[in-house]
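Remarks on the structure that follows.
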Amino acid sequence: LGGLAMVGLGLFLRKRRRIYAMVMQGGGIGVIYLASFAAAKLTSVLSPTTALVLMTLLIVPAVALAMLQRAEILAIFGFLGGYAAPVLLSTGSGDYVLLFSYYMVLNIALLGIRKFRLWRWLNLLGATCSCGIMGAWGVLSYQPAMFLSVEPFILGFTVLFLLITLFSVRKKDFSLATPPAMSLSICVPLPSVLFQWRAAEGLSHCLIFSSLRFGVFFLPLALFRRQGAAV
């Protein structure tokens, strides 16, 4: 209730005191996330599954508020909670296919948002969280027998964030001079190669062939130019 009150106050003040209103709305969303987490982890009010669904659904109003007010920070709050939810509420089941599918849905949502807003920090957040979770899991839990079930997620990550980058060029509003844009351009090819190497490390010369394959794939994009913009 306190979080909802903060969001309501922020909406009421959005035209008169914009910065304060954004702080209140972002803080309110954060309070609701924390309340959902506490209800599942510290008490038995919510089951972990119910809390995960609730925390995921919170992304929708957060993004709606962000789109309405052109406030990227609200979308960042919403997606940050969404990326953190399965980690915070983990039951130790080890269902990596469900986890990566969940992140794939979030990343597809980022691609959809990109059609309406160029929010570079939000895109960088998605790439960073995806890389972090996939990388940590790959180091700690990956087994060669999982290759066929993991490979589609590696390719999906690469394609989704590559499309986000290319759509930015098509819109003629993308600049590699900004820190998030520069970071995103690195966050796609480098982790992709490392993930592929880890997934195929049982194969002979896997790092060489993985690097060569991604190099052949990304090199034409490095030469691509449209309306004076370069990727």
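Every residue in the range 157-173 that is more than 19 Å from the chain's Cα centre (by Cα) and either part of a loop (DSSP other than H, G, I, E, B) or modelled with pLDDT of 70 or more (or both), please. Passing the criteria: K171, K172, D173. Whether a residue is closer than 20 Å to M22 by Cβ, among the hydrophobic types (A, V, I, L, M, F, W, C), open to solvent by 20 Å² or more (accessible area, probe 1.4 Å) and out of contact with any Cys (no Cβ under 8 Å at 6 or more places or on another chain) was assessed, and L98 does not pass this test. Scanning the range 94-119 for residues that are within 19 Å of T56 (Cβ to Cβ) and in a loop (DSSP other than H, G, I, E, B) returns a single hit, D95. The single residue among L9, L57 that is of a type in the set (A, V, I, L, M, F, W, C), open to solvent by 50 Å² or more (accessible area, probe 1.4 Å), modelled with pLDDT of 85 or more and touching a helix residue (DSSP H, G or I) at 6+ places or on another chain (Cβ under 6 Å) turns out to be L9. Scan the range 77-89 and tell me whether some residue there is touching a helix residue (DSSP H, G or I) at 6+ places or on another chain (Cβ under 6 Å), aromatic (F, W, Y) and open to solvent by 50 Å² or more (accessible area, probe 1.4 Å). Checking the range 77-89: at least one residue is touching a helix residue (DSSP H, G or I) at 6+ places or on another chain (Cβ under 6 Å), aromatic (F, W, Y) and open to solvent by 50 Å² or more (accessible area, probe 1.4 Å).
The criterion of being buried (at least 19 other Cβ atoms within 10 Å of the Cβ) and in a helix (DSSP H, G or I) holds for I29.
The values are calculated or read from the model by the stated rules, or taken from the named source; none is laboratory data. If you're wondering where the values come from, they're calculated on a predicted model, not measured in any experiment. Cβ atoms come from the backbone with ideal geometry, glycine included; neighbour counts cover every protein chain shown. Calculation scope for accessible area: heavy atoms of the full protein, side chains included, ligands and nucleic acids excluded. Shrake-Rupley method; radii C 1.70, N 1.55, O 1.52, S 1.80 Å.
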